[in-house]
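Here the structure comes first, spelled out in structure tokens, and everything after it is commentary.
The values are calculated or read from the model by the stated rules, or taken from the named source; none is laboratory data. Everything numeric in this text was worked out from a predicted model, so none of it was measured. We place every Cβ from the backbone using ideal geometry, glycine too, and count neighbours over all the protein chains shown. Note: accessible area is taken over every heavy atom of the protein model, side chains too, but ligands, DNA and RNA are not part of it. Shrake-Rupley method; radii C 1.70, N 1.55, O 1.52, S 1.80 Å.
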Amino acid sequence: MKGFSTNSMHNFKEQRNNKPHILPIYTGSSFVFDNLDDSIDVFTKKKPGHVYSRYGNPTIQTVEQQLAGLEVLGSDLSAMALMTSSGMSAIHVLLSALLKSGESMISQKQLYGGTTELFNKVMVGQGVETHYVSELCPDNLDQIYKTHPNIKALYLETPSNPTLNCINISECVSWAHSKGIYTVLDNTFCTSYIQQPLLLGIDFSIYSTTKYINGHGNSIAGAIIGKDEGLMKDVIWTQLKLSGGTCNPFDAWLTHNGLKTLELRMQRHSANALKLAQFLLDLPQVNLVNYPGLPSHSSHAVAKTQMNNGFGGMLSFEVKGGTDAVRKIVKQLKIATYAPTLGDVDTLIMHPATSSHLNISKDDQLAEGVTEGLIRVSVGIENIEDLISDFGQAIQS
Ligand SMILES: *Cc1c(COP(=O)(O)O)cnc(C)c1O
């Protein structure tokens, strides 16, 4: 090779002798075959191999295996995970793969705002309608199923945003399985450290890894985890590959970094949230505190049966004085930041009435417990004494 460009493109050799300690980021969009027969074997699935990163990538697949393993840890179940470009993409890819036009699903009224919008604006356009039930108990589910036998999936989120209401997972699973309906659970608030939906009979766990699993507010990604390897490898992988909602190697790698400290972070999030909830409960300016770990919370009994290793880092509380009082508190808080995300190492707050729930009618807001004085807190892993004094001074001033 004499030419400059031929040399600058081809004349290099990877200088790697021994294995790096940390998972490498493979940015390549495609993979090389040694010869034609090698390629034929991989394309016909006779031999495992990488083809093109939208189909699968070593960095992403490593993290997928890690996520699947944690999801069923401590049981003899096996699971498979697929990482997606975001939590929303995980939800959309999975439901598009499971439901055809003319079929419908059941869900709860309290859902992540983006999920409700996806169901009402996008899934409806695909011919898939969602029936919302205020209280997911077998009687209410039976009633809807009687008039809508085309229901093919039950979609759950527990604890739910922003009042941390918990749904009895096992009860919903028994009902759905008696009807041959798929069950899907968004486990973003808990992570598999606290709640293991597949062990409770759920067919598919959904994650926005953007939140607790990554934990550092620097990545957007998601995951679909399922027990039925056939469905995962065939129908769901095909949907993901062809709709292109694949994760990218850098976000998968950031997620991998997050996983290393997930247990430590979740333990601290839970311990801090419980202490902050107990502190807020005693303040005369606070009407109520929603935290599944508080015996006074309406979902405490259910939460205890399905949340292990703590009750997570999310809570909400209602102050007297509505939006004006909230405005002053937001201004006074020194440590907690006002930002529309959750699950980061630092403490974050949000006012649902003027943000996530802004486009919902006042009546519906109130029915879901979203009052003007409600503040949602993603309790971080800072020193708890500092957090308590920050919330104390902001609320008392
Ligand atoms: C953030 C979030 C999502 C959406 O995830 P993205 O990664 O932002 O797409 C879905 N469900 C819950 C519970 C969330 O908090």
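I'm trying to understand the selection: among the residues of the range 110-154, which are within 16 Å of the ligand (Cβ to nearest atom), without any contact (Cβ under 8 Å) to a residue 12 or more places away in the chain and either crowded, with 16+ Cβ neighbours inside 10 Å or hydroxyl-bearing (Ser, Thr, Tyr) (or both)?
Answer for the range 110-154, where residues must be within 16 Å of the ligand (Cβ to nearest atom), without any contact (Cβ under 8 Å) to a residue 12 or more places away in the chain and either crowded, with 16+ Cβ neighbours inside 10 Å or hydroxyl-bearing (Ser, Thr, Tyr) (or both): just THR116.
Considering only the range 96-189, give the helices (runs of 4 or more DSSP H) lying wholly within it that have at least 1 residues that are among the aliphatic types (A, V, I, L, M). Walk me through how you get there before you give the answer.
Details: elements: 113-117, 138-147, 169-179.
Fully inside the range 96-189 and qualifying: 138-147, 169-179.
Would you point out the residue of the range 68-87, among those that are within 9 Å of the ligand (Cβ to nearest atom) and buried (at least 21 other Cβ atoms within 10 Å of the Cβ), that is farthest from the chain's Cα centre (by Cα)? Lay out the reasoning, then the answer.
Of all residues in the range 68-87, those within 9 Å of the ligand (Cβ to nearest atom) come to 84-87.
Of the ones still in play, those that are also buried (at least 21 other Cβ atoms within 10 Å of the Cβ) are 84, 87.
Values: THR84: 11, GLY87: 6 Å.
Checked the range 68-87; the qualifying residue farthest from the chain's Cα centre (by Cα) is THR84.
Scan the range 335-369 residue by residue and report those that are of a type in the set (A, V, I, L, M, F, W, C), surrounded by fewer than 21 Cβ atoms within 10 Å (Cβ to Cβ) and part of a loop (DSSP other than H, G, I, E, B).
ILE335, ALA339, VAL345, LEU358, ILE360
Given (1) free of Cβ contacts under 8 Å to residues at least 60 places away in the same chain; (2) surrounded by 19 or more Cβ atoms within 10 Å (Cβ to Cβ); (3) over 27 Å from SER397 (Cβ atoms); (4) not small (Gly, Ala, Ser), identify the lone condition not met by VAL302.
Here VAL302 clears every test but (1).
Looking only at the range 89-98, decide whether some residue is away from the ligand (no atom under 16 Å from the Cβ) and surrounded by fewer than 17 Cβ atoms within 10 Å (Cβ to Cβ). Quick ask: steps written out before the conclusion?
Let us first name the residues in the range 89-98 that are away from the ligand (no atom under 16 Å from the Cβ), namely 97-98.
Filter once more, keeping what is surrounded by fewer than 17 Cβ atoms within 10 Å (Cβ to Cβ): none.
No, the range 89-98 contains no residue that is away from the ligand (no atom under 16 Å from the Cβ) and surrounded by fewer than 17 Cβ atoms within 10 Å (Cβ to Cβ).
The conditions are (1) under 30 Å from LEU366 (Cβ atoms); (2) open to solvent by less than 10 Å² (accessible area, probe 1.4 Å); (3) among the aromatic types (Phe, Trp, Tyr); (4) away from the ligand (no atom under 12 Å from the Cβ), and TYR212 fails exactly one of them. Which is it?
Looking at each condition in turn, TYR212 falls short on (4).
If you go through the range 268-285, how many residues are farther than 16 Å from LEU342 by Cα and either open to solvent by 80 Å² or more (accessible area, probe 1.4 Å) or in contact with a His (Cβ under 9 Å, 6 or more places away or on another chain) (or both)?
Count: 5.
Report, ordered by the first and then the second residue, all pairs with beta carbons closer than 7 Å, sequence separation of six or more or different chains, a first member in the range 315-331 that is among the polar types (S, T, N, Q), and a second member that is in a helix (DSSP H, G or I) and open to solvent by 30 Å² or more (accessible area, probe 1.4 Å).
THR323/THR354
Criterion first (in contact (Cβ under 8 Å) with a residue 40 or more places away in the chain, within 19 Å of ALA68 (Cα to Cα), open to solvent by less than 10 Å² (accessible area, probe 1.4 Å) and out of contact with any strand residue (DSSP E or B) (no Cβ under 6 Å at 6 or more places or on another chain)) does MET232 satisfy it?
Values: in contact (Cβ under 8 Å) with a residue 40 or more places away in the chain: yes; within 19 Å of ALA68 (Cα to Cα): yes; open to solvent by less than 10 Å² (accessible area, probe 1.4 Å): yes; out of contact with any strand residue (DSSP E or B) (no Cβ under 6 Å at 6 or more places or on another chain): no.
The answer is no for MET232.
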